[in-house]
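Structure first, then comments.
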Amino acid sequence: MSDTSRRPRKPGKPYRRPKKDPVRVLAFEALRAVDERDAYANLVLPPLLRKAREQGDFDGRDAALATELVYGTLRRQGTYDAVIAACVDRPLREVDPPVLDVLSLGAHQLLGTRIPTHAAVSASVELARVVLGDGRAKFVNAVLRKVAQHDLDGWLAQVAPPYDDDPEDHLAVVHSHPRWVVSALWDSLGGGRAGIEELLAADNERPEVTLVARPGRATVEELLGEDAAEPGRWSPYAVRLTEGGEPGAVAAVREGRAGVQDEGSQLVALALANAPLDGRDEKWLDGCAGPGGKAALLAALAAERGATLLASEKQPHRAGLVAKALHGNPGPYQVIAADGTRPPWRPGSFDRVLVDVPCTGLGALRRRPEARWRRRPEDLDGFAPLQRGLLRTALESVRVGGVVGYATCSPHLAETRAVVADVLKQFPETELVDARPLLPGVPDLGDGPDVQLWPHVHGTDAMYLAVIRRVG
């Protein structure tokens, strides 16, 4: 029998159990959920943070760091992929997704935060040991040490093609947007380098939390009593939490008397409510009401005038969210689950109709950064029939003299002006209303008659609105 088993072990470092960092483990879990389940970070992160707080693992600073790691990594994913690709010896598609998530988190700490280099590398390697094992942690260590050799500007000079050679690809890498999205946004803006660079940069900024004081249920003055709260820029019902405050800590939000709602969304509802009518003003319709933000504001405004709102939403679970948002409204309203393209109501039933149609969501990339990587140009073809069908039904549902608001949280011309132009060809007895006076005080609204809001100009999501009147 060999005596090799009795030989003394070679001296070396004793095995050390990896140290679990709750903040980075949570950030990794959130990124895995986004990748594996097509989840949205704004839905995945809050319950993870809440559980961590309940377990005593987190305080406020930990939650803020975890949030920054998740959203920062998702926003800059395209840039970090280009950098990481320059530091590995294989195509990125051959790197296991969990490993790539750890590398991306590390790249964000190195290139997008003030975390010291040694701390960013060591924390990422330790995370890799916990979630991937020692073998792949060595790979993470080697790659991140290469990433750490340059700052972000240094890397961009290497991995982004020169602007003069390929403007769209340059902007795609520098500002971390898919090339087709850069092209579409540029077309919507109407050209010029400065505007597109400002827009893409704004998409990568963390948006402020904006609240809406629902009329008859809460007041702006009440919300301004919160810490670090300031009035909104444009909506008379808006309040901004300027230091990233937690909406759930606001009593009016917890009680449903106020809500979280971007000012662009508020302005769309206000514009429809303020559009001039011929004749009565008694019945309003929100034809795509889920999840209920615009419907809650419209219902409150309707109640002030003695009008009623019918909020219709096709998906029953989203109709439930609408009902929750409208609960406690000071006036009468109704919520139904119905297909807006095959409605149960009679034609010409309403005085005001809003259809905020399903879309690619390219106007809300600040809030849902992962959407830019999921969407494909062919998605436009999937939405087009639904958007046109909903606008047709809206125009059939409004009486002569009434108004329709067509809204979408996308600036893509195929989802905005193209839809309106196509549908209005089938409805010659309509006219476009100049929507700009319906947003008083809001600057830079273009030539009209429709309105496109922009993150870099107005500080809102890129909401589009066309207001149409039935004249016959």
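If you scan the stretch 139-165, which residues turn out to be without any contact (Cβ under 8 Å) to a residue 12 or more places away in the chain, within 24 Å of Pro178 (Cβ to Cβ) and among the aliphatic types (A, V, I, L, M)?
Ala157
Condition test on Gly256, is it at positive phi and outside any helix (DSSP H, G or I)?
Numbers: at positive phi: yes; outside any helix (DSSP H, G or I): yes.
It is true that Gly256 is at positive phi and outside any helix (DSSP H, G or I).
Go through the stretch 84-102 and report how many residues are among the acidic types (Asp, Glu) and part of a helix (DSSP H, G or I). Reasoning before the result, please.
Taking the stretch 84-102 first, the residues among the acidic types (Asp, Glu) are 89, 94, 96, 101.
In the following step, the residues that additionally are part of a helix (DSSP H, G or I) were identified as 94, 101.
Final tally of qualifying residues: 2.
Here are some residues: Ala407, Ala418, Ala394. Which one is touching an Asp or Glu at 6+ places or on another chain (Cβ under 9 Å) and small (Gly, Ala, Ser)? Before you say what the answer is, go through the steps one by one.
On the way: Ala418 fails: touching an Asp or Glu at 6+ places or on another chain (Cβ under 9 Å); Ala394 fails: touching an Asp or Glu at 6+ places or on another chain (Cβ under 9 Å).
Every option except Ala407 fails the conditions.
Report the residue count in the stretch 196-222 for those that are assigned to a strand (DSSP E or B) and of a type in the set (A, V, I, L, M, F, W, C). It would help to see each step written out before you state the result.
Residues of the stretch 196-222 that are assigned to a strand (DSSP E or B), as a first pass: 209-213.
Still in the running and of a type in the set (A, V, I, L, M, F, W, C): 209, 211-213.
Here the count works out to 4.
Report whether or not Thr67 is closer than 26 Å to Lys138 by Cβ and either under 19 Å from the mean Cα position of the chain (by Cα) or at pLDDT below 95 (or both).
Details: closer than 26 Å to Lys138 by Cβ: no; either under 19 Å from the mean Cα position of the chain (by Cα) or at pLDDT below 95 (or both): yes.
No: the conditions fail for Thr67.
Does His177 count as without any contact (Cβ under 8 Å) to a residue 12 or more places away in the chain and either part of a helix (DSSP H, G or I) or under 17 Å from the mean Cα position of the chain (by Cα) (or both)?
Answer is no for this residue.
Name the residues in the stretch 120-151 that are in a helix (DSSP H, G or I) and open to solvent by 40 Å² or more (accessible area, probe 1.4 Å), would you? Working first, answer last.
Narrowing the stretch 120-151 to residues in a helix (DSSP H, G or I): 120-131, 134-147.
Across the stretch 120-151, the qualifying residues are Ser122, Val130, Val131, Asp134, Gly135, Arg136, Lys138, Phe139, Asn141, Ala142, Arg145, Lys146.
Taking the conditions exactly as written (in a helix (DSSP H, G or I) and more than 19 Å from Cys359 (Cα to Cα)), does Gly264 satisfy them or not? Reasoning before the result, please.
Numbers: in a helix (DSSP H, G or I): yes; more than 19 Å from Cys359 (Cα to Cα): no.
It is false that Gly264 is in a helix (DSSP H, G or I) and more than 19 Å from Cys359 (Cα to Cα).
So is Gly259 at pLDDT below 95, within 28 Å of Gly331 (Cβ to Cβ) and under 19 Å from the mean Cα position of the chain (by Cα) or not? Spell out how you get there, then give the answer.
On the way: at pLDDT below 95: no; within 28 Å of Gly331 (Cβ to Cβ): yes; under 19 Å from the mean Cα position of the chain (by Cα): yes.
For Gly259, the condition - at pLDDT below 95, within 28 Å of Gly331 (Cβ to Cβ) and under 19 Å from the mean Cα position of the chain (by Cα) - is not met.
Please go through the stretch 253-274 and give me each residue that is open to solvent by 20 Å² or more (accessible area, probe 1.4 Å) and among the hydrophobic types (A, V, I, L, M, F, W, C), ordered by number.
Val253, Val260
How many residues does the stretch 218-231 contain that are open to solvent by 20 Å² or more (accessible area, probe 1.4 Å) and closer than 18 Å to Ala300 by Cβ?
4
Out of the residues in the stretch 439-472 meeting the condition of being part of a loop (DSSP other than H, G, I, E, B) and small (Gly, Ala, Ser), tell me which one is nearest to Leu362 (Cα to Cα). Walk me through how you get there before you give the answer.
Narrowing the stretch 439-472 to residues part of a loop (DSSP other than H, G, I, E, B): 439-450, 453-454, 459-463, 471-472.
Adding the requirement that they be small (Gly, Ala, Ser) leaves 441, 446, 448, 459, 462, 472.
Working: Gly441: 25, Gly446: 20, Gly448: 21, Gly459: 15, Ala462: 8, Gly472: 35 Å.
Across the stretch 439-472, the extreme among qualifying residues is Ala462.
Which of (1) closer than 13 Å to Gly331 by Cα; (2) out of contact with any Asp or Glu (no Cβ under 6 Å at 6 or more places or on another chain); (3) open to solvent by less than 30 Å² (accessible area, probe 1.4 Å) is the odd one out, the single condition Ala307 does not satisfy?
Answer for Ala307: the failing condition is (2).
Based on this model, can you work out whether Leu285 counts as touching a strand residue (DSSP E or B) at 6+ places or on another chain (Cβ under 9 Å), in contact (Cβ under 8 Å) with a residue 40 or more places away in the chain, surrounded by 24 or more Cβ atoms within 10 Å (Cβ to Cβ) and within 24 Å of Arg392 (Cα to Cα)?
Numbers: touching a strand residue (DSSP E or B) at 6+ places or on another chain (Cβ under 9 Å): yes; in contact (Cβ under 8 Å) with a residue 40 or more places away in the chain: yes; surrounded by 24 or more Cβ atoms within 10 Å (Cβ to Cβ): yes; within 24 Å of Arg392 (Cα to Cα): yes.
The answer is yes for Leu285.
Residue by residue, here is whether (1) touching a residue at least 40 places away in the same chain (Cβ under 8 Å); (2) over 25 Å from the mean Cα position of the chain (by Cα) holds:
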position	(1), (2)
Pro332	no, yes
Asp356	yes, no
Arg368	yes, no
Gly382	no, no
Leu391	no, no
Val403	yes, yes
His412	yes, no
Ala421	no, yes
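Just to be sure I understand, how many residues within the stretch 421-438 are buried (at least 21 other Cβ atoms within 10 Å of the Cβ) and under 29 Å from Arg240 (Cα atoms)?
So the count comes out to 2.
Kindly evaluate Leu105 against the criterion of being in contact with a Phe, Trp or Tyr (Cβ under 8 Å, 6 or more places away or on another chain), more than 15 Å from Asp81 (Cβ to Cβ) and either open to solvent by less than 30 Å² (accessible area, probe 1.4 Å) or among the acidic types (Asp, Glu) (or both). Lay out the reasoning, then the answer.
Values: in contact with a Phe, Trp or Tyr (Cβ under 8 Å, 6 or more places away or on another chain): yes; more than 15 Å from Asp81 (Cβ to Cβ): no; either open to solvent by less than 30 Å² (accessible area, probe 1.4 Å) or among the acidic types (Asp, Glu) (or both): yes.
No, not satisfied.
Take the residues in the stretch 454-471 that are in contact with a Ser or Thr (Cβ under 8 Å, 6 or more places away or on another chain) and closer than 20 Å to Glu431 by Cβ; name whichever of them is surrounded by the fewest Cβ atoms within 10 Å (Cβ to Cβ).
Val471
Where in the stretch 15-83 are there helices (runs of 4 or more DSSP H), lying wholly inside it, with at least 1 residues that are open to solvent by less than 80 Å² (accessible area, probe 1.4 Å) and in contact with a Phe, Trp or Tyr (Cβ under 6 Å, 6 or more places away or on another chain)? Step through it out loud before you land on a result.
On the way: elements: 22-36, 41-54, 60-75.
Filter on the stretch 15-83 gives 41-54.
Mind checking which residues of the stretch 439-453 are buried (at least 21 other Cβ atoms within 10 Å of the Cβ) and touching an Asp or Glu at 6+ places or on another chain (Cβ under 8 Å)?
The one that is buried (at least 21 other Cβ atoms within 10 Å of the Cβ) and touching an Asp or Glu at 6+ places or on another chain (Cβ under 8 Å): Leu453.
I want to confirm something. Restricting to the stretch 184-215 and keeping residues that are open to solvent by 70 Å² or more (accessible area, probe 1.4 Å) and touching a residue at least 40 places away in the same chain (Cβ under 8 Å), which single residue is farthest from Gly245 (Cα to Cα)? Walk me through it before giving the result.
So the first thing to find is which residues in the stretch 184-215 are open to solvent by 70 Å² or more (accessible area, probe 1.4 Å), and the list is 187, 193, 198, 205-206.
Those still in the list that are touching a residue at least 40 places away in the same chain (Cβ under 8 Å) too: 187, 198, 205-206.
Working: Asp187: 35, Glu198: 26, Glu205: 16, Arg206: 13 Å.
Ranking the qualifying residues of the stretch 184-215, first place goes to Asp187.
The values are calculated or read from the model by the stated rules, or taken from the named source; none is laboratory data. All values reported here derive from a predicted model rather than from experimental measurement. Cβ coordinates were reconstructed from backbone atoms using ideal geometry, including for glycine residues, and neighbour counts include every protein chain displayed. For accessibility, only protein heavy atoms count, side chains too; no ligands or nucleic acids. Shrake-Rupley method; radii C 1.70, N 1.55, O 1.52, S 1.80 Å.
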